[in-house]
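J.: Before I ask anything, here is the structure I am working with.
The values are calculated or read from the model by the stated rules, or taken from the named source; none is laboratory data. Just so it is clear, the structure is predicted and the values come from calculations on it, not from any experiment. Neighbour counts run over all protein chains shown; Cβ positions are idealised from the backbone, glycine included. Protein only, heavy atoms only, side chains kept; ligands, DNA and RNA dropped before computing areas. Shrake-Rupley method; radii C 1.70, N 1.55, O 1.52, S 1.80 Å.
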Amino acid sequence: MGQQTPNKILITGGAGFIGSHVVRRFVKSHKQHHVYNLDALTYAGNLENLRDIEDSANYTFIKGNIVDETFINKLFLDYKFDGVIHLAAESHVDRSISDPSSFVRTNVLGTVNLLNASLKLAKGNPDFKFYHISTDEVYGALGETGFFLETTPYNPNSPYSASKASSDHFVRAYGETYGLPFIISNCSNNYGPHQFPEKLIPLFINNIIHNKALPVYGDGNYTRDWLYVIDHARAIDLVYHKGKMGETYNIGGFNEWKNIDLVQLLCRLMDEKLDRPRGTSEKLITFVKDRPGHDLRYAIDAGKIHKEQGWEPTVTFEEGLGKTIDWYLGNQEWLENVTSGDYREYYKKQYQQ
Ligand code: NAD
Ligand code: DAU
C-alpha cells in the first residue's frame, strides 16, 4: 500500500443480508478504502456473515444503534468518515405490519441521525457523500404491465415502504435544503446467501428441508422482480464510485416471477438437490390468508444505471437460485443458529458485548 490516507467509508447494516455482501466486496476489491461496518446486530444481523474478511487490515466492526443520536454524533466526530453507504434498516414487510413503530425509529429517525451527523462532516470535506440504499416498494404497486422508473411518483402501501419512502425524502431534502451530497438507489427483491429465513426464498428453502408447510399468501399471483445479491453489491459499488450526486438509480433483475411459479420452480430444484421424488416439496404448498395491503406487482426499469454505468445483472435466475439453495444446504448450522432462540446469548458470549 502507498502512503495515501485510506478513504474511510461507513457502511451501516453491514452484518445483514445485502450489507454483508457489500462490505465483503469493498474490503476485498478496494484496498484504498477502510471499511467501518456499523451494525446493531438485531435478529437480522450476524457477524458469521463476515467471518472470511473480519481480520482484514482495512476492516473494522463497530456495534451500535443508528437510533442513538449521541452515539452517532460522537462516532462521526471520532472517525471523520469520507462517505456513508446506508443499509441499516428494519427490512421485513410482515414485521412492519405487526410493529410499525420500530420501522419509524430505525428507518426514519435512524436515517435522520445519520444525515445530521453527515452534514457536519460534509462541511469540512468537499468529497463527502451519503449513499442511501432503498427499495422499489416506495413506488407502490404496478398493474399487470409497466415498470418503475426513477420518475415514478412515490406511493408506499406498507409501513415498511412508508418508512423507506420517508427516509428517501429526508435524504433528498437534506440535499436540497443543506446541500448534502447524496445518491439514492432503489432496488427490487434480492435473493442469495445470508438472507434471514423469514423472506420468501430462504424461508421456503428452510421449510422444505424440514418438511414444513410453504405458506403462499393469497392466490400466489403476486409478481416480484428478483436480483441475485452479488449483482446488487456490484451495482452499489459502481453507484458509490461513479454515480452522479443528487441522482436516483433504479436497480432490478429484469426477472419477473409470479410467486406461485417461483415456489414451484424452487420445489422442483429442492427435490433434485435433496434427491427426493419429483413432486415431494410441492405437496407442502399451502395457500394462506393474504398479506394486508399486498402489492400486486413490482418491476424495475434499470435502463438508467445500464446506460450511465454499464451495469446489468450477470447471474441468471437458474444459476442464482441453484447457488442459493446450495449455500443454505451447506450452511444448515447457520440456519439453526439464526433461527434458534438461544442465538442472541451465544452471540453475546462470542463477542463479549
Ligand atoms: P437485513 O434485515 O438483512 O439487514 C439489516 C441490517 O441492519 C442487520 O444487520 C441489522 O442488524 C441492521 N440494523 C437494523 N436496525 C439497526 C439499527 N437501529 N442500527 C444499526 N443497525 C441496524 O436487510 P437487507 O435485506 O440486507 O436490506 C438492507 C437494505 O437494503 C435495507 O435498507 C433495505 O430496505 C434495502 N433493500 C433490501 C432489499 C431486499 O430484497 N432485501 C431490496 C431493496 C432494498
Ligand atoms: O422489493 C424490494 C423488497 O423486497 C425489499 O425492500 C424488502 O426489504 C424485501 O423484504 C422484499 O419485500 P417483499 O415483501 O417483496 O419480500 P418477501 O420475501 O417478504 O415476499 C416476497 C413475496 O412473497 C411477496 O409477494 C409476499 C410473498 N410471500 C412472502 C412470505 C414471507 C408469501 O407468499 N409467503 C411468505 O411466507
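J.: Just check segment 4-91 against the gyration tensor rule for me: Cα atoms, a ≥ b ≥ c as the square roots of the eigenvalues, rounded for a/c under 1.5, and otherwise prolate or oblate depending on whether a/b exceeds b/c.
T.: oblate
J.: Taking a ≥ b ≥ c as the square roots of the eigenvalues of the Cα gyration tensor of segment 163-231, is the shape rounded (a/c under 1.5), prolate (a/b larger than b/c) or oblate?
T.: prolate
J.: Would you give the gap between the C-alpha center of segment 4-58 and the C-alpha center of segment 254-326, rounded to a whole Å?
T.: Computed from Cα coordinates, the inter-centre distance equals 27 Å.
J.: Note the angle between two axes, namely the Cα long axis of helix 259-273 and the longest principal axis of the Cα atoms of the chain, as a number of degrees from 0 to 90, rounded to the nearest 10.
T.: Roughly 80 degrees between the two axes.
J.: For segment 1-90, which trypsin sites (Lys or Arg not before Pro) are both in a DSSP coil and crowded by at most 16 other Cβ atoms within 10 Å?
T.: LYS31, LYS80
J.: Would you compute, from DSSP H runs of 4+ residues alone, the mean residue ellipticity of the chain at 222 nm, taking -39500 (n - 2.57) per run and dividing by the full residue count, rounded to the nearest 500?
T.: -12500 deg cm²/dmol
J.: While we're on this one: Using a 7 Å offset from the Cα along the Cα-to-Cβ direction at both ALA173 and ILE285, what is the distance between the two label points in nm, to one decimal?
T.: 4.5 nm
J.: Taking the Cα centre of segment 62-123 as the origin and placing charges on Cβ (Lys, Arg +1; Asp, Glu -1), which of ASN116, TYR79, SER101 is farthest toward the positive end of the dipole?
T.: TYR79
J.: Can you list, largest first and rounded to whole Å, the semi-axes you get for the chain by taking the square root of 5 times each eigenvalue of its Cα gyration tensor?
T.: Taking √(5λ) for each eigenvalue gives 32, 24, 19 Å, largest first.
J.: For segment 47-125, rounded, prolate or oblate, judged on the Cα gyration tensor with a ≥ b ≥ c (square roots of eigenvalues), a/c < 1.5 rounded, else prolate if a/b > b/c?
T.: In terms of gyration-tensor shape, oblate.
J.: Could you name the lysines whose alpha carbon sits less than 28 Å from that of LYS63, not counting residues in the same chain fewer than 8 places away?
T.: In chain and number order, the partners are LYS8, LYS28, LYS31, LYS74, LYS80, LYS120, LYS123, LYS129, LYS164, LYS199, LYS348, LYS349.
J.: Here is a further query. Calculate, for the chain, the solvent-accessible area per residue in square angstrom, rolling a 1.4 angstrom probe over the heavy atoms of the protein chains.
T.: I get 43 Å² per residue for this part.
J.: For helix 159-178, what angle does its Cα long axis make with the longest principal axis of the chain, in degrees from 0 to 90 and rounded to 10?
T.: Roughly 20 degrees, rounded to the nearest 10.
J.: Shifting gears a bit: May I ask you to derive the FRET efficiency for ASN116 and LEU149 from their Cβ-Cβ distance with R0 = 22 Å, giving the value to the nearest 0.05?
T.: Calculated transfer efficiency: 0.10.
J.: Here is a further query. Starting from the Cα of HIS92, step 7 Å along the direction of its Cβ; do the same at ASP326; then give the gap between the two resulting points in nm.
T.: Once both label points are built, they end up 2.8 nm from each other.
J.: In the chain, carbon and sulfur make up what percent of the accessible area (probe 1.4 Å)?
T.: Carbon and sulfur: 51 percent of the exposed surface of the chain.
J.: Straight-line reach from LYS273: which aspartates and glutamates have a Cα under 19 Å away, not including same-chain ones fewer than 8 places off?
T.: Candidates past the 8-residue exclusion: ASP261, GLU282, GLU318, GLU319, ASP326, GLU333.
J.: Further question on the same structure: From Cα pairs below 8 angstrom and at least 6 apart in sequence, can you work out the relative contact order of the chain, rounded to a whole percent?
T.: Reported as a whole number, the value is 17 percent.
J.: Rank these residues by their accessible area, most exposed first, probe 1.4 Å: TRP257, TRP311.
T.: Ranked from most to least accessible, the order is TRP257, TRP311.
J.: Using a Gaussian network model on the chain with a 10 Å cutoff between Cα atoms, which of SER167, SER188, SER29 fluctuates the most?
T.: Result: SER29 has the largest fluctuation of those listed.
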